[in-house]
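In what follows, a structure is listed as structure tokens, so that the remarks can point back to it.
Read-outs throughout are calculated quantities, based only on the coordinates presented, and are distinct from any laboratory measurement. A quick note: this is a predicted structure, and the numbers were derived from the prediction, not measured. Glycine also receives a Cβ, built like all others from the backbone with ideal geometry; neighbour counts cover every protein chain displayed.
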Amino acid sequence: MKKKVLALLMASLMAASLTACGGSASGGGTAASEDSAGDTAAAAGEETAPAQEASGDSIRLVNGKIEVDSQLKKLAEMYEQETGVHVEIESLGGGVDIQGTLKGYYQAGNMPDIFVNGGASDFSNWEGMLEDMSGEAWASDTDAAYVDPTYGTIGFPYTVEAVGLAYNKDILAKAEIDPATLTGPDEIKAAFEKLDSMKADLGLDAVVGYCAEATNLYWSTGNHLFANYLDGGLDRDDTTYIDMLNDGGKLDTDRLGKFADFVGLLNQYSDPALLVSGTYDQQILNFASGKYAFVTQGSWIGATMTNDDADAYASAGNFEVGMIPYAFDTSVDTILTNSPSWWGVFSDGNTAAAKAFLQWCSEDEAQQVLVEEAGFISPFTSCKYVASDPFAQAIVDWQSAGKTSAWHWLSMREGLAQNYTGQVFADYAAGSLDRDGFVSAMQQVTQACYAN
Amino acid sequence: MTEKKALSAGLLALGAAGLAVSLIMDFSGSENTIRGPLLVIGAILALVGLYCIPTKKYHRSIINFIFLFPLLFAFGVTVIIPLLLGIGYSFTDWNGVVIKNVVGISNYTTMFRDPSFIWSVLLTFLFVIFNMILVNLIGFALALLCTAQMRGIGFFRASYFLPNLIGGIVLGYIWQFVFNNVLVQITAKTIGLQNSILATTGTAFWAIIAVYIWQYAGYIMLIYVTGLTTIPGDVLEASRIDGAKGIETLFKIKIPMIASTITICTFLTLTSAFKQFDVNMALTNGTGSVADFMGSYLTNGTQMLALNIYNTAISKNSYALGQAKAVLFFVILACVSILQVRISNSREVEM
């Protein structure tokens, strides 16, 4: 008898624990009330619920830019104070495969309400599973939203980034080089030579901070640098080279050859300690410390320079920075600017709360944090803030001059940079490939990638 | 008797009803949280009902089944069902979220036509051979040292075993730092080499082997230590009286006496080297180039089979192709395991 009672107790304990787990797990899914508050007009036009009633409601956002994690958390706190809706920020990044992680979440039934997507191939993973947000007020306030021909406005833009050859204005001024004159490979080569001969006077370690390490920095070479082959100097809607690439991995030998010459120049004048086995941190820190005149990273390093590397940057005099095009040909006269990724709303999630949060993000209060603290370049025309980010002015200048190209590397075959081209850049940097070897290896590996 | 019959029938019916209702609720997409407990209670009731069936003839088999059920259930849910699902996925164009078409065996033909995959397979075999020999040699040598009569032997045993307690990913990043930041500083000063040994395929492969041995030899050492300490003292004493020296004792007495341990360790290193993933991923993530293999320029010089599968599925977003490769991987490992069971069985008979 005693044994039976014990067994019954055990069984009920097990059942109770299961109930408890099930209860907490479903908490996110059942909450779906309309919860916009304050001046955030409910986009769907339904009645607005007071903040108190919405408390306990929560949404989860998967962010792909780990460098602005703290700023987004601050934003989430502000939003919770204002509306009572809890926003959980989960930041992935720094080489983490975000789409792979999201697929894992999907398999586990643990999808976030808002998550980041990097482009056409990412969006196609979630075909028909993302909310159309064309009815939202912010959608008419920007031209940088991700619009799918079938499913409408499914991506919320939050920043604009730029890829160009970043330079240290102070050092170029000391060397009496006018960045506006660096419009072709010959001019850039002459400038590199001049800087190289003055290294000791200028306190430089090397002329360029270019890192082609393949394990952790494949994205810098394989995506961002290669983006200049794809789009440099083209109109924003010109898709010549990306279309060629997506047609079985074809590359234009002539253009690639000129590009290879330019990469060779970077190899030659880069810091040898950084070139093959360096790290991202090292690259940015040395640029922020004024040890490189140029660095092959885009505008996002501004946030790192003013936060993590603030001390080094300050002791280097908080120098001004700018960008020149990767002018591997005289016709390449643009820097690349684009929304690097978009936030999509998962249609099985807490969509109403998610949409309300995004609408709030596009408005004055949130934009102030996003622009002034996170250093985002606002994609919204109504935004009146200018980022304190070192690169903000450079981007605005190039944009107002109309000398920008879009970037299309997001439409490349998935894994091209990580599994194929990143390694070829590394081999070229290490010297195991020469210029012609680089061109033919690039052609071969892209074809291999597209063949599978 | 009839009372008991009614009880067992009632319990079985209640249990079945509970199971059915909870499963229907789950498959119809209900979010009701009672479905979990209902499923568990239904299962328990059904098992109790089964136990109460008034029969002498089948009682023993029913008890056997009830005791085996938890294991069989767990094995089915975590091994058999995923295996069958995986084989099914390998014949489709699954992208991790939805299946659009059934593509037959085209994933398998693509896989065998891809030089980079064949390279990964060959590299894995090479890695397995090197590791099987080196890990066992070093593990056995350490075991001999750690069974010697000297002070503080426990400290040495613990410190050789310690690397095995660190996870492979952490270990990989630690050694990546050592190779890329520390070793480069030294080589830059001494021989003027600014590139880390992880930057070229050949040296990176040896780096992975070294790290793997560092991680795994301590574990194998521990098994050899156990084997060596089970050798009866009287046998060793008798051989010493007969005039056997150290080397003779080692080859004529110790090694034959621990033959079964050697078999176990060989297969342990074999299977674990085949499944090598975490150190490979953290250390090089498969980078490294091969100038000409089967007429192509390869960019996955240090990518072993498990990592190749992972990268195919995750970073190249070809889940179905990755699944097809995983099926081949399963076949290879299953063959190794069957061989292992065969060999260890025949040894036991001999002894």
- Message: Please compute, for the alpha-carbon atoms of the stretch A:84-183, the extent along each of the three principal axes and give them in descending order in Å.
- Response: 59, 34, 32
- Message: Along the charge dipole of the protein assembly as shown, pointing to its positive end and built from +1/-1 on Cβ of Lys, Arg, Asp and Glu, which listed residue (B:74, A:313, B:34) has its Cα farthest out?
- Response: B:74
- Note on the structure: Between the modelled labels at residue B:63 and residue B:30 (7 Å from Cα along Cα→Cβ) the distance in nm is 3.8
- Task: From the P(r) of chain A, can you give the percent of Cα pairs sitting at distances over 28 Å?
- Result: 54
- How are the C-alpha pair distances of the stretch A:335-443 spread across 5 Å bins, as whole percents from the shortest bin up? 2, 9, 13, 13, 13, 13, 13, 10, 6, 5, 2, 0
- Message: If packing is taken as the average count of other Cβ atoms within 10 Å, what order do B:22-32, B:149-159, A:381-391, B:267-277 fall into, highest mean first?
- Response: B:267-277, A:381-391, B:22-32, B:149-159
- Message: What does the extension gain come out to for residue A:194 and residue A:451, with contour length at 0.36 nm per residue minus their alpha carbon separation?
- Response: 88.1 nm
- Task: Just the Kirkwood number for the stretch B:222-351, please: inverse of mean 1/r across all distinct Cα pairs, in Å, one decimal.
- Result: 18.4
- Message: Could you work out [θ]222 nm for the protein assembly as shown from helices alone, using -39500 (n - 2.57) per DSSP H run of at least four and dividing by all its residues? Round to the nearest 500 deg cm²/dmol.
- Response: -16500 deg cm²/dmol
- Item | Packing rank of A:218-227, A:441-450, A:415-424, where each peptide gets the mean count of other beta carbons within 10 Å, highest leading | A:415-424, A:218-227, A:441-450
- Quote the charge dipole size of the protein assembly as shown about the Cα centre in Debye, to the nearest 20; the model charges only the Cβ of Lys and Arg (+1) and of Asp and Glu (-1). 5660
- Task: Among A:236, B:60, rank each residue by its count of other Cβ atoms within 10 Å, from fewest to most, as a rough exposure measure.
- Result: B:60, A:236
- Query: Given a Förster distance of 51 angstrom, what is the FRET efficiency for residue A:205 paired with residue B:333, based on the Cβ-Cβ distance and rounded to 0.05?
  - Reply: 0.55
- Volume per residue of the C-alpha convex hull in the protein assembly as shown, rounded to whole Å³: 236
- Item | Partners for residue B:56 among lysines (Cα-Cα distance below 26 Å; same-chain residues under 8 apart left out) | A:2, A:3, A:4, B:4, B:5
- Spelling it out for residue A:165: with amide H atoms placed in the peptide plane at 1.01 Å from N, the residues 5 or more places away or on another chain with amide H under 5 Å from its amide H are A:324, A:326
- Two-decimal Rg/Rh of chain B from alpha-carbon positions, Kirkwood Rh? 1.09
- Note on the structure: With x for Gly and Pro, the residue-by-residue ³J(HN,Hα) of the stretch B:34-48, computed from phi through the Karplus equation 6.51 cos²θ - 1.76 cosθ + 1.60 at θ = phi - 60° and given in whole Hz, is 6, 5, x, x, 4, 5, 5, 4, x, 5, 5, 4, 4, 5, 4
- Pairs from A:103/B:100; A:169/B:189; A:355/B:100; A:189/A:258; A:169/A:258; A:65/A:291 whose Cα-Cα separation, in the structure shown, is over 21 Å: A:169/B:189; A:355/B:100; A:169/A:258; A:65/A:291
- Calculated FRET efficiency for the pair residue B:174/residue B:150, C-beta based, R₀ 25 Å, to 0.05: 0.25
- Task: Sort largest first and round to whole Å: the equivalent ellipsoid semi-axes of the stretch B:2-81, each the square root of five times a Cα gyration tensor eigenvalue.
- Result: 25, 18, 7
- List B:146, B:52 from most exposed to least, where exposure is judged by having the fewest other Cβ atoms within 10 Å. B:52, B:146
- Between the stretch B:92-137 and the stretch B:25-58, the alpha-carbon center distance in angstrom: 41
- Note on the structure: Which residues qualify? For residue B:285, with a placed amide H closer than 5 Å and at least 5 residues away or on another chain, they are none
- Task: Summarise the partner chain shielding of A:69-75 as one whole number: the mean count of Cβ atoms from other chains within 10 Å of each residue's Cβ.
- Result: 0
- Message: Given R₀ = 22 Å, what would the calculated FRET efficiency be for residue B:77 paired with residue B:53, taking r from the Cβ atoms and rounding to 0.05?
- Response: 0.30
- Query: How large is the charge dipole for the stretch B:115-350, taken about the Cα centre, if only the Cβ atoms of Lys, Arg (+1) and Asp, Glu (-1) carry charge, to the nearest 20 debye?
  - Reply: 240
